[in-house]
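Each value in this text was obtained by applying a stated rule to the coordinates, not by laboratory testing. A quick note: this is a predicted structure, and the numbers were derived from the prediction, not measured. We place every Cβ from the backbone using ideal geometry, glycine too, and count neighbours over all the protein chains shown.
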């Protein structure tokens, strides 16, 4: 969106200290200065200007969605994003998966003593840019500091609220046998980009995270009257976890066509070398939609406008409740298990 | 409230593992089991039962308050509370300071690999009990796990929303010269209780944190028609920070009478020995209220019903904007400075 690196466009306003000190979390003047000169400067919103402990805003009657996530990704910066853009997009996307447009966000930082303030400033500017892009704003926040060695630079919590688009009820229990399963883009890029950065792997072709807000495609589906029954972003645990969770919660079977699932060529190659399944790798800008089968073509057309790699990948069935089966490329069937535990830790 | 230790009343439901593993944050089956068997069991609410990424609930039109805090207190358990009750009360109280009754809360955990699940269960039950006591519920959550040594057992974020009592506008800019300043209880107990526990100090008389929800006294003030102009809880930085922040934000002077500020005898003695000022020590169940002077007596009567140590401690004045002065016990005046930086780190 913005081709200028904001870290160059806006120099760090705080100059008295170059690193986070324990005193920045002490509740005194130093914390006030950090909040005023760094966070309020980066996030500026009418609610933050009131300098209250909480934000106060007028809302209409409606169906409110609320979602929270803490972000502990390592490293803080990776190809295609950073902990700041991830913390905004991740929570915005959880709201979108409820069918809600984000209204506002809270942001809470746990800073590690010694974190360069320049790093924190880059993260804060990235959060502001991501919030602008997703059409939302930060209205309240919190700052804590922990001793050196008791964190990883910065952990961020974002919590968002938004209103569900009128007349829609989107939930795993809304899925019906026969529903088409669509995917909004190719899978596996976020996890592989973070892994590559962390392990200093050099890929033949660079792999960039898909980290992005999903508000626009979701809202277009809903506004154009597509009968969307359930939405789920394929984050931790990848597409396999998203499919298995929705299968379990809907008490239906799901059948997908492996060849239809879009995987970036570079991601596929690296996964093969490392023995990883791209369907188990986390995404941060990709979701599955369960839609009424008669709306599937219209829905796919909308998704393709936002991402040409969107695809129809399968259907909900009256097969074994909670099971996910894949038609393999050679025409057989295999069960797609949910990952059990840790695959790539700390990817969000 | 509850004399039975809930850890004994409700045995830990998860038995497969005794400690948090990295895999508990991996997005797979182990994370699902932890969420289902521990968090959903402890927090049970209609919204959590939908098993969605976010909570969805119907709300009326009104003025919404939103507040967030992360909790990094060390140690996790202290006389009078624990990180769980603190995480609920702290956020509930920030909403109350906006004049709002809490509607619901999100909870996000950052767990350290190796944390005993028994400890997490005790914390979760304590959160549930505190939420019940404050008349609110947990509707959505998140779990992350970081490697051993990168956390302190557990960090918790809670974010709350609530509706501001109709017709009230409570903010530092609402304070007027002449407003009476009331305090809801004695100061300094939370910080001293945590310090005592952390440093294994043995006090002559035990000091218990004042950690408690402040919804009831605030709502009674508002419902009985007290003209409340501003509320502020005296957490990090203590009463001194709360007074200085409101003085700055209201652009008024504040005058308080040191003899009128209630300090527990044991807290006063220990502070004197350690060279600490109880007005700089954090509280977690104590707030100041700026009320119309003609309502001060009625307001104090209400506050005293909830805590007999509530007191009228001073007034807002047309004196130097942003300054806080104390009439000392021998009749002189001294400026009460905000603490600059760290006094007692990690007390919330």
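Residues A:69, B:33, B:53, ranked from the fewest to the most other C-beta atoms within 10 Å, line up as B:33, B:53, A:69.
Take every DSSP beta bridge whose two residues both sit in chain A, then give the antiparallel share in percent to the nearest 5.
Of all bridge pairs located within chain A, approximately 75 percent are antiparallel.
For peptide B:91-98, the mean count of partner chain Cβ atoms within 10 Å of a residue's Cβ comes to 3. For residue B:297, the point set 7 Å out from Cα toward Cβ sits 8.1 nm from its twins in the other copies, listed from shortest up. Here the range B:275-333 and the range B:166-220 have alpha carbon centers that stand 11 Å from each other. Roughly what angle does helix A:83-97 make with the longest principal axis of chain A, taking Cα atoms, 0 to 90 degrees, to the nearest 10? Result, in degrees: 50. Fewest-first ordering of B:168, A:17 by other beta carbons within 10 Å of each residue's beta carbon gives A:17, B:168. Label the range A:149-190 by shape, choosing from rounded, prolate and oblate, from the square roots a ≥ b ≥ c of the eigenvalues of the Cα gyration tensor; if a/c is under 1.5 it is rounded, and otherwise prolate applies when a/b is larger than b/c, oblate when it is not. It is oblate, given that a/c is not under 1.5 and a/b is not larger than b/c. With respect to chain A, whose longest principal axis is taken over its alpha-carbon atoms, helix A:117-133 is tilted by about 50°.
Shown for residue B:36: label points 7 Å from Cα along the beta-carbon vector, and their distances to the equivalent points in the other copies, 5.2 nm in ascending order.
Result for chain B in a Gaussian network model with C-alpha springs under 10 Å: among B:84, B:225, B:188, the largest mean-square fluctuation is at B:225. Relative to the longest principal axis of the Cα atoms of chain B, the long axis of helix B:265-274 makes an angle of roughly 90 degrees.
Comment: the Cα-to-Cβ extended label point of residue B:337, at 7 Å, lies 6.3 nm from its counterparts in the other copies, nearest first.
Rank the residues A:198, B:224 as a footprinting-exposure proxy: fewest other Cβ atoms within 10 Å of their Cβ go first. It would help to have the intermediate numbers written out before the result.
Working: A:198 16, B:224 12.
In order of increasing Cβ crowding within 10 Å: B:224, A:198.
The value of relative contact order for chain A, using C-alpha pairs under 8 Å at least six residues apart, is 21 percent.
From helices alone, chain A scores -8500 deg cm²/dmol at 222 nm; the rule is -39500 (n - 2.57) for each run of n ≥ 4 DSSP H residues, then divide by the residue total.
Based on Cα contacts under 8 Å between residues 6+ apart, the range B:196-339 shows a relative contact order of 38 percent.
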